[in-house]
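Novice: Mind having a look at this structure? Questions to follow.
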Amino acid sequence: MQPVILDTDVASLSHKRKLAGPLATRLIGRKPLITFVTHGELTKWMEIRHWGARSRQELADWLADIPVLPGDESVAATWGRLSAAGIQRGRPRPVNDMWIAACALTYDLPLATLNVKDYEDFRLHHGLRILGAE
């Protein structure tokens, strides 16, 4: 089974079983992974929205089956290169998108996202593979 990193929106929709369309089809037969950033963002959303015990448990159960890629030294170095390159091009990128892209690039894995424009810079300049744009 080929691994693929889910960005936060795709992970959220997958967890809710609401992901549809061509991207959902492209994920069939793939092993979903998330980054430490997506894990944090899902937790933040849960806290901000004051989820009840049942919803929290459903997310915990879903996360239990999804490996989380860590933010280690290699990922941090890749993030630093992405950040510097964006600044040098006059196009700094959102921090969390850079962390997710850094994980995908460091682990040489494609990213499944519905927000292709948010990651286009990383695809064009750094070789990020975006599922659906390959």
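The values are calculated or read from the model by the stated rules, or taken from the named source; none is laboratory data. Bear in mind that the values here come from a model prediction, so they are computed numbers and not experimental data. Cβ: placed from backbone, ideal geometry, glycine included. Neighbour counts: every protein chain shown. Protein only, heavy atoms only, side chains kept; ligands, DNA and RNA dropped before computing areas. Shrake-Rupley method; radii C 1.70, N 1.55, O 1.52, S 1.80 Å.
Novice: Looking only at residues that are free of Cβ contacts under 8 Å to residues at least 40 places away in the same chain and within 22 Å of VAL68 (Cα to Cα) in region 98-117, which one is most open to solvent (accessible area, probe 1.4 Å)? Show your work before the answer.
Specialist: Residues of region 98-117 that are free of Cβ contacts under 8 Å to residues at least 40 places away in the same chain, as a first pass: 98, 101-102, 105-106, 108, 116-117.
Filter once more, so that each one left must be within 22 Å of VAL68 (Cα to Cα): 98, 101-102, 105-106, 108, 116.
Values: MET98: 8, ALA101: 0, ALA102: 0, LEU105: 47, THR106: 46, ASP108: 108, VAL116: 54 Å².
Filtering region 98-117 for residues that are free of Cβ contacts under 8 Å to residues at least 40 places away in the same chain and within 22 Å of VAL68 (Cα to Cα), the one most open to solvent (accessible area, probe 1.4 Å) comes out as ASP108.
Novice: Among the numbered criteria (1) closer than 19 Å to LEU114 by Cβ; (2) assigned to a helix (DSSP H, G or I); (3) touching a residue at least 12 places away in the same chain (Cβ under 8 Å); (4) open to solvent by less than 60 Å² (accessible area, probe 1.4 Å), which single criterion is violated by PRO22?
Specialist: (4)
Novice: With the requirement that a residue be touching a Leu at 6+ places or on another chain (Cβ under 8 Å) and open to solvent by 40 Å² or more (accessible area, probe 1.4 Å), what does region 54-86 give you? It would help to see each step written out before you state the result.
Specialist: Within region 54-86, the subset touching a Leu at 6+ places or on another chain (Cβ under 8 Å) is 59, 63, 66-69, 75, 78, 82.
Within region 54-86, PRO67, VAL68 meet the criteria.
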